[in-house]
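Below is one structure; the comments refer to it alone.
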Amino acid sequence: MRWLPALVLPLVVLAGCNGSGDEGEPSPPGIRVSPEQPRDRAPAVTLRPDEPLAGKTVVLDPGHQLGNGRFPSEINRLVDAGGLMKPCNTTGTATDAGYPEATFVWEVAEVLQRKLERWGAEVVLTRDSNSAELWGPCVDERGRRAAEGDLLVSIHGDGNLSPGARGFHVIASPEVEGSQALAEEMRDGLVAEGLETSTYLGSEGLDSRTDLGTLNLAVRPAVMVELGNMRDPQDAALMTSPEGRQRYAAGLLRGIRRHLR
Ligand SMILES: [Zn+2]
């Protein structure tokens with residue numbers, strides 16, 4: 001069949017785009033030729049989107065609601081954080097110029113949600129808006145929502161005043177099965193995107209904590225990712241720019257794909 005090479009060629013190009021098969025942006029909807037098709041007959045061609053994460057559900061937890069600061073009594077109420085009592089939530093931090101952590105993590109989560117959905121995954125968000133009129137949910141509810149997916153990624157930005165404190169770190173609870181492996185995969189994904197590990201916390205971009213309700217109450221692998229230090233000018237420049245948020249989301253996508261492959 002004379003048209004056959006023209007059909008096969010794009011497949012080769014697509015495979016090349018994906019490299020190891022788990023990195024980078026998704027290819028456009030692919031053409032699949034069933035491998036068992038006899039060579040002396042026209043191949044059965046199925047046109048369908050290439051969705052390697054179909055059937056997977058990712059819970060994204062954009063930490064802190066924008067309005068938390070207006071609801072101090074609600075936010076300071078103590079909740080069960082998994083063996084200890086902790087405040088329901090906090091206000092989160094901000095850049096020196098006033099760009100709030102709540103808005104940063106919401107915007108990264110939105111970009112990441114779109115990327116994950118393009119890969120065929122379902123996405124569950126622990127809050128459905130970024131509103132100065134709203135507060136919560138509390139850390140216990142955030143953690144329990146891990147049950148709705150294959151994994152939970154809690155997205156945060158840190159606020160540290162030490163000079164030169166910058167870079168990301170990924171926190172896991174050693175008591176939740178699979179979380180430490182997920183943390184390493186997320187760290188590797190962010191590094192593969194060219195993002196730098198923390199200069200001030202954890203070790204090689206990883207930290208282990210047992211005092212975080214969001215992680216303690218997860219029944220699936222769960223991590224908290226502090227994507228950068230919002231008080232550091234270098235990190236703040238990246239976090240404030242749409243291009244920077246695309247990079248953070250791309251790094252998180254790489255980590256999630258490493259875990260789900
Ligand atoms: Zn936070």
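The values are calculated or read from the model by the stated rules, or taken from the named source; none is laboratory data. As the structure is a prediction and not an experimental result, all values here were calculated from the model. Using ideal geometry, Cβ is built from the backbone for each residue, glycine included, and neighbour counts are taken over all protein chains shown.
A few points about this structure:
- All of (1) farther than 25 Å from E117 by Cα; (2) modelled with pLDDT of 50 or more; (3) among the charged types (D, E, K, R) hold for D40 with one exception: (2).
One line per residue, one yes/no per condition, for (1) buried (at least 18 other Cβ atoms within 10 Å of the Cβ); (2) among the small types (G, A, S):
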{"position": "G67", "(1), (2)": "yes, yes"}
{"position": "I75", "(1), (2)": "yes, no"}
{"position": "T91", "(1), (2)": "yes, no"}
{"position": "Y99", "(1), (2)": "no, no"}
{"position": "A102", "(1), (2)": "yes, yes"}
{"position": "W119", "(1), (2)": "yes, no"}
{"position": "W135", "(1), (2)": "yes, no"}
{"position": "A147", "(1), (2)": "no, yes"}
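- Unique match (being modelled with pLDDT of 95 or more, within 18 Å of S131 (Cα to Cα) and surrounded by 11 or more Cβ atoms within 10 Å (Cβ to Cβ)) among V111, V79: V111
- So E193, is it within 27 Å of R144 (Cβ to Cβ), at pLDDT 95 or above and not β-branched (V, I, T): no
- Any hit, the range 175-187, residues being over 17 Å from the mean Cα position of the chain (by Cα), over 20 Å from G255 (Cα atoms), assigned by TED's automatic domain parsing to the domain that holds V105 and buried (at least 19 other Cβ atoms within 10 Å of the Cβ): no
- The helices (runs of 4 or more DSSP H) falling completely within the range 180-261 that include 2 or more residues that are without any contact (Cβ under 8 Å) to a residue 40 or more places away in the chain and away from the ligand (no atom under 16 Å from the Cβ) map to 233-240, 242-260.
- Matching helices (runs of 4 or more DSSP H) fully within the range 63-175 where at least 3 residues are away from the ligand (no atom under 16 Å from the Cβ): 72-76, 101-118
- For the range 133-153, filtering for residues that are under 12 Å from G63 (Cβ atoms) and acidic (D, E) leaves 0.
- Test: residue in the range 196-214 that is surrounded by fewer than 22 Cβ atoms within 10 Å (Cβ to Cβ), in the same structural domain as C138 (by TED's automatic domain parsing) and touching a Phe, Trp or Tyr at 6+ places or on another chain (Cβ under 8 Å): yes
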